[in-house]
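Data first, discussion second: the structure below is written as structure tokens.
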């Protein structure tokens, strides 16, 4: 304890922060140098040279780029560790200084070993006032979670007569505990910083990069609370954006490099930052899933690896990874085009059977990309998002409303984030719901205030959206658009009463006996009906309920007609109508008579 409390009292966190800033400067220069190597030297050499010597030069430039990347990462880690150390030590330092101030006010003496002496006092007794001697209190550094001492057989503690003794003991304990806490913090960060050592040599190998990943995890373990405590995660997307914009660049880099999982899913953080954070976190998530051996983890792992491969390939429009996670059936939010710089942005909610698997990557993501490509032909300033930010129902629970109720608030929060981060004063936002996803969109629209910022709503293959009129979706009925293929039986889903009366098959033929006009669906009024009041646009009718193909054999038209709204090869008219709405020209759609 000797001299330890004096060192804690006199500690200057700003010295640690200054050292961290110096390491950050090295990190920043290394990052900038890597960009110059990649974008100026390497790219120019690839464009202008094609020879054996050029290939050798490219290999050396790639090595140089890796070296700069390693320096950028490791120096940034040191900066984060030093800043977190300063922040963590500030807590016991504050506790110590408060104890020292109270001791000074009481005129107690704090000794070099942390013990506290107190003066004599006069104490009232049965025989009258009597002087009691002063004394000496030694601190107990046990923290509240430490095991209590074994007092079996020990005599009961005697309350000291001098009233100053209790105060002195409490102060000595607080001093001892502050010093112990500081020592624990110091040991933790010393071990973390000691591991940040580069291997000898000029080349950064794959093993070195793996070591950098371990270093990142180590710093995250030490500094995670420091980073997490600073995020106002309970604020609105607009407030989160203001918080992020107000951070110094070095703090934003800390979050992106050290704690990307804390940032990548926050609505209100700009798309470019979310994309970088999620790309940084993706290998960590893949590694975690690779260590599990259940079927669900293997399914998600395959999908994440496929997404990682797509992110590495050139994409037109460019991909932005706005969210990723393994909770529930998996999470993935991907934008084609920058949703912050685009004037027109759509967010598509998928439905029945959607989960983070290979089909999601091969088919569902393609729907968003095709929408973006079509919308950009209408207006180049367009982006399209696939939003798997909830657990879409699987076949066994498609008839329940609970998934939509849980997903609706998350979707509204996401849309509020799009509205907050978009560079345009009044961006054109379109909510798209397909299948059960249309019911999720309808449920979101019924929340207080409706879907934030939304201008248009597109409902595709809908079994009902939970409202009776298009105007109940929070926008004028002229801004609600419906695509319903004649052979898509989901759009003719029987009502609960019809199901009870004639069963799932019989209701297709005898439903009118229960539903006069036959314009109700399972989740409410048929969005394609006259009574609902939306604009119905033309789509291909799709294959009939059961068709035979020489190449594919028996095919259920139920799912074929239900799944082709986004596919320009199968239903060009539908995709062009969707593109016109998303691209801001809904007046140009081709209309279909309502049912």
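What is the calculated FRET efficiency for residue 41 to residue 377, with r their C-beta to C-beta distance and R₀ = 35 Å, to the nearest 0.05? Between residue 41 and residue 377 the formula returns 0.45. Among 243, 387, 5, the order by Cβ neighbours within 10 angstrom, fewest to most, reads 243, 5, 387. For the chain, the longest principal axis of the Cα atoms and the long axis of helix 206-228 meet at an angle of about 70 degrees. The packing ranking, built from the mean of other Cβ atoms within 10 Å per residue, places the peptides 402-411, 175-184, 437-446 in the order 437-446, 175-184, 402-411, highest first. Each of the peptides 25-35, 374-384 was scored by the mean count of other Cβ atoms within 10 Å over its residues; in descending order, highest first, they stand as 374-384, 25-35. Secondary-structure-derived ellipticity at 222 nm for the chain, considering helices only, amounts to -16000 deg cm²/dmol, per-run term -39500 (n - 2.57) for DSSP H runs with n ≥ 4. Here the residues 319, 41, ranked from fewest to most Cβ neighbours within 10 Å of their Cβ, fall in the order 41, 319. When Rg/Rh (Cα atoms, Kirkwood Rh) is computed from the coordinates, the matching label among [x] 1.02; [y] 1.13; [z] 1.18 is [y]. Our summary gives the stretch 237-588 a relative contact order of 14 percent, counting only alpha carbon pairs under 8 angstrom and 6 or more residues apart. By the beta-carbon count within 10 Å of each Cβ, the least crowded to most crowded order of 257, 486, 287, fewest first, is 287, 486, 257. Computed from Cα atoms, the angle from the helix 237-246 axis to the main principal axis of the chain rounds to 50 degrees.
Take 230-239, 412-421, 320-329 and order them by the average number of nearby Cβ atoms within 10 Å per residue, most first; the result is 412-421, 320-329, 230-239. If the segment from residue 57 to residue 234 were pulled out straight at 0.36 nm per residue, it would be longer than the present Cα-Cα gap by 58.7 nm. If you take the Cα centroid of the stretch 5-81 and the Cα centroid of the stretch 259-317, the two points sit 24 Å apart. The relative contact order of the chain, computed from alpha carbon pairs under 8 Å that lie at least 6 residues apart in sequence, is 9 percent.
The slack between residue 249 and residue 424, meaning 0.36 nm per residue of separation minus the straight C-alpha distance, is 60.7 nm.
Using R0 = 45 Å, the C-beta based FRET efficiency linking residue 531 and residue 327 works out to 0.70.
To the nearest ten degrees, helix 249-258 and the longest principal axis of the Cα atoms of the chain are 80 degrees apart.
Taken together, the values in this text are just the output of simple stated rules run on the coordinates, not laboratory data. Quick caveat: nothing in here was measured; it's all calculated off a predicted structure. Here the Cβ is made from the backbone with ideal geometry for all residues, glycine too, and neighbour counts use every protein chain on show.
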